[in-house]
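Colleague: Submitted below is the structure of interest, expressed as structure tokens.
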Amino acid sequence: MSEVRQNTTAKLPKNTSQIRIVDVVVVGGGIAGKACALGLAQLGLQTIQIAPDLDQAVPAPQGSEWGQRIYAFSPGTQKLLAHLQVWDAIDHSRMQAVRDMRIFGDRGEKHDQLHLSAFEAGTPQLAWIGESNVIEHTLDQASRFQNKLERITGVVESIEVDSAGATLLLNNGSALQAQLVIAADGANSPIRTTLGISAKEESYSQSAVVANWICTNAHLETAYQWFLPGGDIVAMLPLPNKQVSMVWSTSPENAAELLKLDQAVWSEKFALIANGAIAKQLGVLTLNSTPAAFPLRRIRASRFIGPEENPKVALIGDAAHVMHPLAGQGLNLGLRDVATLLNILSKRESFRLPNDKVLLRRYERQRQGDTSALLWVTDNLKKLFSASSGTEKQLRNWGLGIVNRSHFIKRRLIERALGDIDFE
């Protein structure tokens with residue numbers, strides 16, 4: 001649901017005393033928005049978070065069925081959540097550590113694979129896998145006890161930016177004036193559009209089919225990924241209690257067919273995929289959630305801050321970038337936006353306000369390099385494994401084997417995926 005509406009009839013109150021003045025307004029109610037709002041309040045900034053559904057508390061997940069939105073959380077993300085003092089409050093019985101990753105090429109040959117190991121990299125784990133609700137519920141609980149943070153259920157009708165900051169008109173007729181606005185309002189970011197910040201968008205002509213499964217074989221704390229002939233990618237991510245979460249990137253037509261399958265047909269399909277490799281690794285798979293699908297695309301905003309003359313807005317998360325899920329880094333990239341912004345604001349010079357142009361440019365410079373690199377890698381990996389020529393097939397599978405034999409390259413890959421964050 002959009003958090004900003006372009007409304008030419010919306011007008012600010014004539015009486016300026018009716019406009020509430022705060023330090024920061026965060027627009028958006030996802031994980032990145034909630035983490036950012038909490039972190040800003042912890043810095044002592046009077047913060048308001050606005051989203052349409054903030055009055056609906058995210059329930060703590062429980063029971064044997066698992067939610068559809070499953071994420072991989074990097075050690076960098078864990079570090080941010082620990083900094084926000086919420087990591088220890090998370091229900092870790094619903095989080096699964098990943099110690100190994102195994103990635104297979106599309107020829108089905110034993111040497112066409114890449115194995116990444118936490119042990120070889122000298123780190124306790126490569127990632128954690130868990131439900132979105134686990135994190136959101138914990139962030140919601142922490143936000144309730146932060147006296148510098150107020151949460152408003154509503155929609156932003158309009159935003160006006162000037163040299164002093166930004167003024168927002170809400171759908172209930174109230175108005176807010178903030179030194180800084182954080183746009184965490186999703187891939188179709190109405191704030192980004194309203195401010196005239198362009199975004200390059202490319203459809204992958206694929207959909208991701210997600211579902212959770214109970215498996216008879218132990219997953220051995222391992223995340224598996226198979227590149228299949230024709231460009232499909234199947235990932236099986238470990239969950240607690242011999243469960244796995246599937247992300248199958250495929251054509252929209254095949255995605256629609258997969259959603260129609262019953263348990264028996266799914267079992268037949270798993271027996272055939274990658275020459276039966278999935279069934280061999282995980283055994284018999286029993287469906288443990290309702291399958292769902294969503295379209296895949298690549299988005300990158302041309303700017304991560306507001307207009308040049310008055311950049312009083314910072315874009316974070318999907319408002320700034322959207323990537324293919326094959327690397328499992330989309331949410332982690334957004335939370336690195338949050339961590340970078342909090343770092344810069346916490347270390348700002350005493351004479352600089354939170355909306356100082358120098359600070360916002362620091363944020364944009366730091367985030368553009370990281371974002372560009374990760375988008376480039378995932379985008380080109382996706383295109384490489386979608387290519388159908390014999391030469392390209394040989395190259396990509398040969399490349400997996402070469403990387404697998406190089407401890408130096410693998411260590412660099414792991415360091416990049418860990419997404420380290422420096423909090424002082």
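Colleague: So which of ALA292, ALA274 ends up being farther than 30 Å from GLY196 by Cβ, surrounded by 19 or more Cβ atoms within 10 Å (Cβ to Cβ) and small (Gly, Ala, Ser)? Explain how you work it out, then say what you get.
Modeller: Values: ALA292 fails: surrounded by 19 or more Cβ atoms within 10 Å (Cβ to Cβ).
Criteria check complete, one pass: ALA274.
Colleague: A follow-up question, please. Where in region 247-347 are there helices (runs of 4 or more DSSP H), lying wholly inside it, with at least 3 residues that are more than 25 Å from GLY130 (Cα to Cα)?
Modeller: Passing ranges, in order: 252-258, 263-272, 330-346.
Colleague: From ASP140, ASP162, which residue is on the phi < 0 side of the Ramachandran plot and either buried (at least 18 other Cβ atoms within 10 Å of the Cβ) or of a type in the set (Gly, Ala, Ser) (or both)?
Modeller: One residue alone meets the criteria, ASP140.
Colleague: Additional query: Suppose we keep only residues that are open to solvent by 10 Å² or more (accessible area, probe 1.4 Å) and touching a Pro at 6+ places or on another chain (Cβ under 9 Å) within region 18-38. Which one would you say is nearest to GLY165 (Cα to Cα)?
Modeller: ASP23
Colleague: Looking at region 161-177, which of the residues that are over 18 Å from PRO307 (Cα atoms) and in a strand (DSSP E or B) is farthest from the chain's Cα centre (by Cα)? Spell out the reasoning first.
Modeller: As a first pass, look at region 161-177 and keep what is over 18 Å from PRO307 (Cα atoms): 169-176.
Okay, now just the ones that are also in a strand (DSSP E or B), so 169-170, 175-176.
Details: LEU169: 28, LEU170: 27, ALA175: 30, LEU176: 28 Å.
Among residues in region 161-177 that are over 18 Å from PRO307 (Cα atoms) and in a strand (DSSP E or B), the one farthest from the chain's Cα centre (by Cα) is ALA175.
Colleague: Cβ-Cβ under 7 Å, sequence separation 6+ or interchain: first residue in region 35-62 and closer than 21 Å to ILE191 by Cα, partner hydroxyl-bearing (Ser, Thr, Tyr) and crowded, with 24+ Cβ neighbours inside 10 Å. Which pairs?
Modeller: Filtered contacts from region 35-62: ALA37/THR47; LEU40/THR47.
Colleague: Check region 159-173 and report whether any residue there is hydroxyl-bearing (Ser, Thr, Tyr), in contact with a helix residue (DSSP H, G or I) (Cβ under 8 Å, 6 or more places away or on another chain) and touching a residue at least 40 places away in the same chain (Cβ under 8 Å). Outline the logic, then answer.
Modeller: The first filter runs over region 159-173 and keeps only residues hydroxyl-bearing (Ser, Thr, Tyr), leaving 163, 167.
Restricting the remaining residues to those that are in contact with a helix residue (DSSP H, G or I) (Cβ under 8 Å, 6 or more places away or on another chain) gives none.
For region 159-173, residues hydroxyl-bearing (Ser, Thr, Tyr), in contact with a helix residue (DSSP H, G or I) (Cβ under 8 Å, 6 or more places away or on another chain) and touching a residue at least 40 places away in the same chain (Cβ under 8 Å): absent.
Colleague: What number of residues within region 229-246 satisfy the criterion of being touching a strand residue (DSSP E or B) at 6+ places or on another chain (Cβ under 7 Å), open to solvent by 20 Å² or more (accessible area, probe 1.4 Å), in contact (Cβ under 8 Å) with a residue 60 or more places away in the chain and farther than 14 Å from GLY130 by Cα?
Modeller: If we filter region 229-246 for residues that are touching a strand residue (DSSP E or B) at 6+ places or on another chain (Cβ under 7 Å), which is where we start, we get 232-240, 242-246.
Pick out the ones that are also open to solvent by 20 Å² or more (accessible area, probe 1.4 Å) and you get 232, 237, 242.
Okay, now just the ones that are also in contact (Cβ under 8 Å) with a residue 60 or more places away in the chain, so 237.
Add one more test, that the residue is farther than 14 Å from GLY130 by Cα, and what stays is none.
Looking only at that region, the number is 0.
Colleague: Collect the residues in region 178-219 that are part of a loop (DSSP other than H, G, I, E, B), open to solvent by 40 Å² or more (accessible area, probe 1.4 Å) and either in contact with a His (Cβ under 6 Å, 6 or more places away or on another chain) or farther than 14 Å from LEU296 by Cα (or both), keeping them in residue-number order.
Modeller: Initially, region 178-219 is screened for residues part of a loop (DSSP other than H, G, I, E, B), giving 184-189, 195-198, 216-219.
Checking the rest, the ones that are also open to solvent by 40 Å² or more (accessible area, probe 1.4 Å) come to 188, 196, 198, 216-218.
Scanning region 178-219 gives GLY196, SER198, THR216, ASN217, ALA218.
Colleague: Open to solvent by 50 Å² or more (accessible area, probe 1.4 Å) and touching a residue at least 40 places away in the same chain (Cβ under 8 Å): is that true of ALA89 in this structure? Can you show your working first?
Modeller: Details: open to solvent by 50 Å² or more (accessible area, probe 1.4 Å): yes; touching a residue at least 40 places away in the same chain (Cβ under 8 Å): yes.
Criteria met by ALA89.
Colleague: Any chance you could count how many residues in region 311-327 are of a type outside the set (A, V, I, L, M) and either over 12 Å from the mean Cα position of the chain (by Cα) or open to solvent by 10 Å² or more (accessible area, probe 1.4 Å) (or both)?
Modeller: Of the residues in region 311-327, 4 are of a type outside the set (A, V, I, L, M) and either over 12 Å from the mean Cα position of the chain (by Cα) or open to solvent by 10 Å² or more (accessible area, probe 1.4 Å) (or both).
Colleague: Failed condition for PRO238, given (1) at pLDDT 95 or above; (2) in a strand (DSSP E or B); (3) in contact with a helix residue (DSSP H, G or I) (Cβ under 9 Å, 6 or more places away or on another chain), with all others met?
Modeller: Unmet condition: (3).
Colleague: When ALA57 is evaluated against the numbered criteria (1) assigned to a helix (DSSP H, G or I); (2) open to solvent by 70 Å² or more (accessible area, probe 1.4 Å), which criterion, by number, is the only one it fails?
Modeller: (1)
Colleague: If I ask for residues that are open to solvent by less than 40 Å² (accessible area, probe 1.4 Å) and either touching a helix residue (DSSP H, G or I) at 6+ places or on another chain (Cβ under 7 Å) or modelled with pLDDT of 95 or more (or both), which ones from region 1-17 would you list?
Modeller: Taking region 1-17 and keeping what is open to solvent by less than 40 Å² (accessible area, probe 1.4 Å), we get 3-4, 10, 13.
Listed by number, the residues that qualify are GLU3, VAL4.
Colleague: Based on what the data block shows, is LEU220 within 23 Å of ASP337 (Cα to Cα) and aliphatic (A, V, I, L, M)? Don't jump to the end; show me each part of the working.
Modeller: Numbers: within 23 Å of ASP337 (Cα to Cα): no; aliphatic (A, V, I, L, M): yes.
So LEU220 fails the test.
Colleague: To continue, here is another question. So which of GLU257, GLU253, GLU308 ends up being modelled with pLDDT of 95 or more, over 19 Å from the mean Cα position of the chain (by Cα) and either open to solvent by 10 Å² or more (accessible area, probe 1.4 Å) or more than 21 Å from ILE70 (Cα to Cα) (or both)?
Modeller: Numbers: GLU257 fails: modelled with pLDDT of 95 or more; GLU308 fails: modelled with pLDDT of 95 or more.
Just a single option satisfies the conditions, and that option is GLU253.
Colleague: Got a sec? Which of ARG367, ARG361, ARG352 is open to solvent by 60 Å² or more (accessible area, probe 1.4 Å) and either within 16 Å of the chain's Cα centre (by Cα) or of a type outside the set (Val, Ile, Thr) (or both)?
Modeller: On the way: ARG367 fails: open to solvent by 60 Å² or more (accessible area, probe 1.4 Å); ARG352 fails: open to solvent by 60 Å² or more (accessible area, probe 1.4 Å).
Answer to the selection: ARG361.
The values are calculated or read from the model by the stated rules, or taken from the named source; none is laboratory data. All of these numbers come straight from a predicted model, not from anything done at the bench. As a convention, Cβ positions derive from the backbone with ideal geometry for all residues, glycine included, and neighbour counts pool all protein chains shown. With ligands, DNA and RNA removed, areas are computed over all heavy atoms of the protein, side chains included. Shrake-Rupley method; radii C 1.70, N 1.55, O 1.52, S 1.80 Å.
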